[in-house]
Amino acid sequence: MVRAYLPTEAQLQSSDPTQPARLRTALIAQASAGNPHPIAPQTPNDLAVTQAIDTLWNPLVQPALRAALVSVIASSSGVTTDAHATDSRGRPSIEISYEDAALGMRLSVYLDPSDGAVLESSEQPYTVTADPGLAGHDVYLSHYWTDTSPTVNPLHQ
C-alpha cells in the first residue's frame, strides 16, 4: 500500500477537523491529492477509509483527531469491527477491517483498547486479481515523543 500523504504534526492539528463529516471530506481530498494516479480507481468511501487508516498510525495524531478518524472509519459502509481481537503478537486489540474492492485488498488496523494507539496494520488480498505485492503488515512495538534530539544515531551503534 502506498502511504499517499504523511502530514506533519502542524498539518494534522491545523487542517484536519474533528467533526466526522468535515474530516471525511478532508481525508478524501488528502488521498486524492497525494495519489493523483491511483493504480485502481477508488470510490470516495475507499479514499476516506484508506486515508483514515493511513493517518491513524501516525504517532503525532492527538486523541480528539484519533477518535474522529475511528468514527469516520466505523461509520463507513463495508467496515467490520471486532472488539475482542488480538494482533499477530497476541496483544488484545480492537480490529477494524475494510475490503477495498478496487484493490482487492482487506485493510485491517488493530488498536490498543486502552488508548487507541495502533498496534498493527495489515493489507491482505481477498480476490485472485489483487496484486500480492501490496500485501504485508506492520507491527508497532512502541511509539513515543521526546523534546530532545538523540545524541547518538541509533542506526550506527
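The values are calculated or read from the model by the stated rules, or taken from the named source; none is laboratory data. Predicted model, so just to flag it, every value in this text is computed and none were measured. Cβ: placed from backbone, ideal geometry, glycine included. Neighbour counts: every protein chain shown. Keep in mind that these areas ignore ligands, DNA and RNA; they rest on the heavy atoms of the full protein, side chains included. Shrake-Rupley method; radii C 1.70, N 1.55, O 1.52, S 1.80 Å.
Here are some notes:
- Residue 97 vs. criteria surrounded by fewer than 16 Cβ atoms within 10 Å (Cβ to Cβ), among the small types (Gly, Ala, Ser) and modelled with pLDDT of 85 or more: no
- So residue 50, is it over 14 Å from residue 118 (Cα atoms) and assigned to a strand (DSSP E or B): no
- When 107, 69 are screened for being modelled with pLDDT of 90 or more and not basic (Lys, Arg), only 69 passes.
- Filter result for residue 124 (open to solvent by less than 50 Å² (accessible area, probe 1.4 Å) and either in contact with a Lys or Arg (Cβ under 7 Å, 6 or more places away or on another chain) or more than 18 Å from residue 140 (Cα to Cα) (or both)): no
- Any chance residue 59 is touching a His at 6+ places or on another chain (Cβ under 7 Å) and either outside any strand (DSSP E or B) or on the phi > 0 side of the Ramachandran plot (or both): yes
- Residue selected from region 32-63 under the condition within 19 Å of residue 130 (Cβ to Cβ) and open to solvent by less than 40 Å² (accessible area, probe 1.4 Å), by the criterion modelled with the lowest pLDDT: 40
- Filtered residue count, region 105-121, keeping only those that are out of contact with any helix residue (DSSP H, G or I) (no Cβ under 7 Å at 6 or more places or on another chain) and either in a strand (DSSP E or B) or open to solvent by 60 Å² or more (accessible area, probe 1.4 Å) (or both): 9
- Residues being closer than 20 Å to residue 21 by Cα and part of a loop (DSSP other than H, G, I, E, B) - total across region 62-104: 5
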